[in-house]
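Written below as structure tokens is the structure these notes are about.
The values are calculated or read from the model by the stated rules, or taken from the named source; none is laboratory data. If you're wondering where the values come from, they're calculated on a predicted model, not measured in any experiment. Using ideal geometry, Cβ is built from the backbone for each residue, glycine included, and neighbour counts are taken over all protein chains shown.
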Amino acid sequence: MHSSYDIDLELNFRETLFIMKKNIFGIILCGIGLISISAINSPDTNLTTDFISGDTEIASINALSFGPEGIIFIGDSKNARVYALDTKDVSGNDTSEAINMSDFDTKIAASLGTTIDNIKVTDMAVNPISKVIYFSVNITDGTPVLLKLVGKNLENVSLKNASYSKIELEAPIGTDAKDRRGRSQRVWAISDLKYHDGKVMVSGLSNKEFKSTFRSIPFPFTKKQEYASLEIYHAAHGQYETFAPIKTFDVINLDNKDYIMASYTCTPLVLFPLDQLKDGKHTKGRTVAELGSGNSPIDMVSFKKDGKPYFLMSNTNRSVMRIDYDVIANFKESLTEPVEEFAKATGVNYVSLPMVNILQLDNLDAGNVVYMQRTATGDLVLRSRPTKWM
């Protein structure tokens, strides 16, 4: 028989054991929770985990494009490489100040300790997080430079001491390849690039039979890259072509499907369904416009005006063109007949904006576009403009 004292001891023991088990279980759960939170917040989950530090050995800068986390992608045709550079420029900014700077090439040259005849601005890209504008400049001695505009001052972004990763392009156009005029084609190893949906998309030329190529490279970089060769009907030339590179492109969404909107010299506008640009496949694009021979596209950006999507395209010998996404979506045809009249446009309609000699374009923020323009007086200006005025 148990005494009341023995029973109390047993009850106290059981209660203590239950509390201990409960606390141990809580500690285990807490530990699991901490591990889960730690895994989510671990630096190993960001996109720069595999980056290395040091000299990038970038030999040229042909194209720039921003991705997430302040990462800027750099196309280097001389090396036939794509670089991902961690700018560490991640201070958020929803809007930006209006920009109106004259003598911009003089400012760039002065920041590099040289003169304007020794520099060439090759591209411009806005960091979508900070709204800071970056510029790639090639100096005549072959030195590539990356600059950023902070307030009214240009600052150098080091390519010698950087955090970066890189990938070699497979089968790029050869260093000794020349066009019919004897000009090197190596510069077109990378003609344009964009970051989209976890991939770096690169247009350019390869050393294959069908030279015009489009690459889709998953990021972070591994050894994987998908390659598709391209074919278009060039209405101004009256023939199908596979040897000319896309000069500029953007990813647009039509009827809930992603397309590459690509423009070429002389100036066909061509749609490629993104899901058809598969590795090793030869893809024919749908030519939706011929925007006029004797011209070459320079840059392309998408934006919204009154809730509707449009894109702008700057040109060497035309004013800036604005095209409505809906106009493209409703144009179901494909141009297959030659346009023999010089500079005649056909296909989808566009609006000519009173903006000429626009050398670079990008989205500054949700309501503004920034552009670089050579004025009639020869001045190089950097300006922003609200999209509601486009």
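Considering segment 198-227, the residues that are touching a residue at least 60 places away in the same chain (Cβ under 8 Å) and out of contact with any Phe, Trp or Tyr (no Cβ under 9 Å at 6 or more places or on another chain) include one that is surrounded by the fewest Cβ atoms within 10 Å (Cβ to Cβ), namely PHE221. For first residues located in segment 311-330 and farther than 13 Å from ASN253 by Cα, partners that are among the charged types (D, E, K, R) and crowded, with 22+ Cβ neighbours inside 10 Å and lie 6+ apart or on another chain with Cβ distances below 8 Å form the pairs MET313/ASP299; SER314/ASP299. No other residue among SER136, SER111, SER102 is of a type outside the set (A, V, I, L, M, F, W, C) and without any contact (Cβ under 8 Å) to a residue 60 or more places away in the chain apart from SER111. Contact map, segment 51-67: first residue β-branched (Val, Ile, Thr), second residue part of a loop (DSSP other than H, G, I, E, B) and crowded, with 22+ Cβ neighbours inside 10 Å, Cβ cut-off under 8 Å, separation 6 or more or different chains; the map is empty. If you take the residues of segment 215-228 that are over 18 Å from the mean Cα position of the chain (by Cα) and either part of a strand (DSSP E or B) or not charged (D, E, K, R) (or both), which of them is nearest to PHE73 (Cα to Cα)? Ranking the qualifying residues of segment 215-228, first place goes to THR222.
Quick one: in segment 337-390, which of the residues that are among the basic types (Lys, Arg) and free of Cβ contacts under 8 Å to residues at least 40 places away in the same chain is nearest to VAL327 (Cα to Cα)? Before you say what the answer is, go through the steps one by one.
Going through segment 337-390, the residues among the basic types (Lys, Arg) turn out to be 344, 374, 383, 385, 388.
Next, from what is left, pick out any that are free of Cβ contacts under 8 Å to residues at least 40 places away in the same chain: 374, 385.
Values: ARG374: 30, ARG385: 24 Å.
Looking at the filtered set, the residue picked out is ARG385.
Considering only residues in segment 269-288 that are surrounded by 24 or more Cβ atoms within 10 Å (Cβ to Cβ) and free of Cβ contacts under 8 Å to residues at least 60 places away in the same chain, the one that is farthest from THR122 (Cα to Cα) turns out to be GLY285. Every listed requirement among (1) more than 24 Å from GLU341 (Cβ to Cβ); (2) of a type in the set (A, V, I, L, M, F, W, C); (3) more than 15 Å from the chain's Cα centre (by Cα) is met by PHE249 save one, (3).
In this structure, PRO172 does satisfy being in contact with a helix residue (DSSP H, G or I) (Cβ under 9 Å, 6 or more places away or on another chain) and under 25 Å from GLU57 (Cα atoms). Screening the candidates LEU312, LEU230, LEU291 for the property of being touching a strand residue (DSSP E or B) at 6+ places or on another chain (Cβ under 7 Å), crowded, with 23+ Cβ neighbours inside 10 Å and under 18 Å from GLU209 (Cα atoms) yields one hit, LEU230. Of the listed requirements (1) on the phi > 0 side of the Ramachandran plot; (2) touching a strand residue (DSSP E or B) at 6+ places or on another chain (Cβ under 9 Å), GLY151 misses just one: (2). Residues that are in contact with a Ser or Thr (Cβ under 7 Å, 6 or more places away or on another chain) and either within 16 Å of PRO268 (Cβ to Cβ) or without any contact (Cβ under 8 Å) to a residue 12 or more places away in the chain (or both) within segment 296-310 comprise SER296, PRO297, ILE298, MET300, listed in sequence order. ILE139 meets the conditions (1) within 30 Å of MET201 (Cβ to Cβ); (2) hydrophobic (A, V, I, L, M, F, W, C); (3) buried (at least 18 other Cβ atoms within 10 Å of the Cβ) in every case but one. The failed one is (3).
Of the set (1) under 24 Å from PRO338 (Cα atoms); (2) among the charged types (D, E, K, R); (3) part of a loop (DSSP other than H, G, I, E, B), all apply to GLU231 but (3). For segment 241-252, indicate whether the set of residues that are in a strand (DSSP E or B), among the polar types (S, T, N, Q) and crowded, with 22+ Cβ neighbours inside 10 Å is non-empty. Yes, segment 241-252 contains at least one residue that is in a strand (DSSP E or B), among the polar types (S, T, N, Q) and crowded, with 22+ Cβ neighbours inside 10 Å.
Of the residues making up segment 131-142, those that are in contact with a strand residue (DSSP E or B) (Cβ under 9 Å, 6 or more places away or on another chain) and either of a type in the set (Gly, Ala, Ser) or not in a strand (DSSP E or B) (or both) are LYS131, VAL132, SER136, THR140. Determine whether segment 170-183 contains at least one residue that is among the small types (Gly, Ala, Ser), without any contact (Cβ under 8 Å) to a residue 40 or more places away in the chain and surrounded by 13 or more Cβ atoms within 10 Å (Cβ to Cβ). Yes, because at least one residue in segment 170-183 is among the small types (Gly, Ala, Ser), without any contact (Cβ under 8 Å) to a residue 40 or more places away in the chain and surrounded by 13 or more Cβ atoms within 10 Å (Cβ to Cβ). Scanning segment 117-130 for residues being within 15 Å of PRO68 (Cβ to Cβ) and either of a type in the set (Asp, Glu) or not in a strand (DSSP E or B) (or both) gives a total of 4.
Conditions tested, residue by residue: (1) at pLDDT 95 or above; (2) within 24 Å of SER136 (Cβ to Cβ); (3) surrounded by 12 or more Cβ atoms within 10 Å (Cβ to Cβ).
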| site | (1), (2), (3) |
| --- | --- |
| VAL327 | yes, no, yes |
| SER334 | yes, no, yes |
| VAL351 | yes, no, yes |
| ILE358 | yes, yes, yes |
| TYR371 | yes, yes, yes |
| THR375 | yes, yes, no |
| LYS388 | no, no, no |
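Annotation: of all residues in segment 145-188 being of a type in the set (Val, Ile, Thr) and part of a strand (DSSP E or B), the one that is nearest to the chain's Cα centre (by Cα) is ILE167.
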